[in-house]
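Notes to accompany the following structure.
The values are calculated or read from the model by the stated rules, or taken from the named source; none is laboratory data. In this text the structure is predicted, and so the values were computed from the model without any measurement. When we count neighbours, we look across all protein chains shown, and the Cβ atoms used for this are built from the backbone with ideal geometry, even at glycine. These accessible areas exclude ligands, DNA and RNA; they are computed on the full protein's heavy atoms, side chains included. Shrake-Rupley method; radii C 1.70, N 1.55, O 1.52, S 1.80 Å.
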Amino acid sequence: MIRSGNPALKESTFLDLGSGTVVSRDGGAMTLNGTVSKTGALLLLCVITATFAWTQVSTPAGIANAGVYVWGGLIGGLVLALVTTFKKTWAPVTAPLYALVEGFFLGAISAMFEQRFPGIVFQAVLLTFGTLFALLFAYRSGLIKATENFKLGVVAATGGIALVYLATIVLGFFGIKIPMIHESGIVGIGFSLFVVVIAALNLVLDFDFIENGVEQGAPKYMEWYGAFGLMVTLVWLYIEFLRLLSKLQSR
């Protein structure tokens with residue numbers, strides 16, 4: 001059973017697919033504190049490169065090079081994410097690299113949004129981390145429980161959103177735009193609200209996934225992998241908050 005809508009985080013991640021037993025942990029076992037500290041390290045690395053990209057793109061001369069940071073960070077982040085997903089033992093190296101590369105993308109795209117909508121980045125950051133801590137509190141206190149039906153619903157919704165975005169990209173190559181949902185009308189804002197909610201609920205499933213790994217005694221390198229998976233969701237949530245706020249301000 002999939003543990004998270006995040007494709008990087010699922011229950012079988014902790015298992016040896018051949019024997020169905022917990023993978024070897026010669027280097028020590030995964031801990032919650034270790035995962036939290038590594039998540040903080042990844043966020044710090046991301047902020048460093050994001051700040052650099054922000055300063056480069058925010059200048060009149062630098063805006064012309066924004067595409068380099070956006071596409072370079074986006075493609076580089078995707079490649080490193082795929083490598084990390086398929087080579088989990090490499091996570092202590094690839095996860096920090098992912099954070100650094102993703103920072104270039106986030107810094108550049110944030111600067112572009114900020115130039116058009118002043119103050120939007122600060123709002124999106126507050127909403128992202130506010131949502132993270134609110135859901136973490138709700139999960140730890142038992143207000144929200146990751147039941148199997150809850151997981152299935154979130155995973156199904158996440159898959160549907162992924163298909164919509166994939167269709168948007170493919171149709172975009174042919175000059176075709178999906179009407180309404182990517183615009184600033186009522187339908188577009190409603191769609192963004194729905195995506196934000198689903199992205200936020202994925203955080204609950206990520207918490208459950210990490211807790212499950214700690215309980216099963218997953219190997220130490222899975223702390224980096226769990227931190228990587230959580231960061232993937234946070235990046236998605238932040239971008240969706242930017243999109244939602246931009247639609248609201250466009251009105």
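Brief remarks follow.
- The set of residues from region 117-157 being closer than 21 Å to LYS247 by Cα and either part of a helix (DSSP H, G or I) or in contact with a strand residue (DSSP E or B) (Cβ under 7 Å, 6 or more places away or on another chain) (or both) comprises ILE120, VAL121, PHE122, GLN123, ALA124, VAL125, LEU126, LEU127, THR128, PHE129, GLY130, THR131.
- Every pair of residues 6+ apart whose Cβ atoms lie under 9 Å, when the first sits in region 128-143 and is among the small types (Gly, Ala, Ser) while the second is assigned to a loop (DSSP other than H, G, I, E, B) and open to solvent by 30 Å² or more (accessible area, probe 1.4 Å): ALA138/ILE144
- Scanning region 14-31 for residues that are surrounded by 15 or more Cβ atoms within 10 Å (Cβ to Cβ) and modelled with pLDDT of 55 or more yields ALA29, MET30, THR31.
- Number of the exception - LEU203 against (1) open to solvent by 10 Å² or more (accessible area, probe 1.4 Å); (2) touching a residue at least 40 places away in the same chain (Cβ under 8 Å); (3) within 18 Å of the chain's Cα centre (by Cα): (1)
- Test: TRP224 is among the aromatic types (Phe, Trp, Tyr) and either more than 24 Å from ALA156 (Cα to Cα) or touching a strand residue (DSSP E or B) at 6+ places or on another chain (Cβ under 9 Å) (or both): yes
- Qualifying residues in region 113-148 (those that are of a type in the set (Gly, Ala, Ser) and under 14 Å from LEU203 (Cβ atoms)) - the one surrounded by the fewest Cβ atoms within 10 Å (Cβ to Cβ): GLY130
- Total residues in region 45-67, condition out of contact with any Ser or Thr (no Cβ under 9 Å at 6 or more places or on another chain), touching a residue at least 40 places away in the same chain (Cβ under 8 Å) and open to solvent by 80 Å² or more (accessible area, probe 1.4 Å): 3
- Residue identified as in a helix (DSSP H, G or I) and over 20 Å from PHE150 (Cα atoms) among PHE228, PHE207, PHE174: PHE228
- Counting residues in region 182-190 that are in a helix (DSSP H, G or I), open to solvent by 40 Å² or more (accessible area, probe 1.4 Å), modelled with pLDDT of 85 or more and touching a Ser or Thr at 6+ places or on another chain (Cβ under 9 Å) gives zero.
- Any hit, region 149-166, residues being surrounded by fewer than 17 Cβ atoms within 10 Å (Cβ to Cβ), hydroxyl-bearing (Ser, Thr, Tyr) and over 18 Å from LEU237 (Cα atoms): no
- Going through (1) small (Gly, Ala, Ser); (2) over 30 Å from LYS38 (Cβ atoms); (3) in contact (Cβ under 8 Å) with a residue 12 or more places away in the chain one by one, GLY213 falls short only on (2).
- Positions within region 82-99 being under 18 Å from TRP71 (Cβ atoms) and surrounded by fewer than 20 Cβ atoms within 10 Å (Cβ to Cβ), in sequence order: LEU82, LEU97
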